[in-house]
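Derivation of every value follows stated rules applied to the coordinates shown; laboratory data play no part. Please read these numbers as outputs of a predicted model, since none were measured by experiment. Quick reminder, even Gly has a Cβ in these numbers, built from the backbone with ideal geometry, and neighbours come from all protein chains shown.
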Amino acid sequence: MRKHREERGWSQEELAFECGLHRTYISGVERGVRNPTVIVLQKIAKALKVPAAALLDESGRRQ
């Protein structure tokens, strides 16, 4: 998710606004401490204009 957000040049706050979510929630999802529901995942994907499945792909995950 972070990769897609950064590609758009958005801060966590900007993404949160586009999704109708709180910035700290977006932060928690990116850090892996929050588990979004399918509905929330779809909201994030729609805001980022990517398929929801792209947010689940861990191949680009930072170690």
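Data overview
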{"item": "Mean Cβ neighbour count within 10 Å, used as a protection proxy, ranking 15-23, 49-57 highest first", "result": "15-23, 49-57"}
{"item": "Cα gyration tensor category, rounded, prolate or oblate, for the chain with a/c compared to 1.5", "result": "rounded"}
{"item": "Cα lying deepest toward the dipole's positive end in region 2-52, options 11, 37, 48, charges on Cβ", "result": "37"}
{"item": "Helical contribution to [θ] at 222 nm, DSSP H n ≥ 4, -39,500 (n - 2.57), averaged over the chain, rounded to 500", "result": "-17000 deg cm²/dmol"}
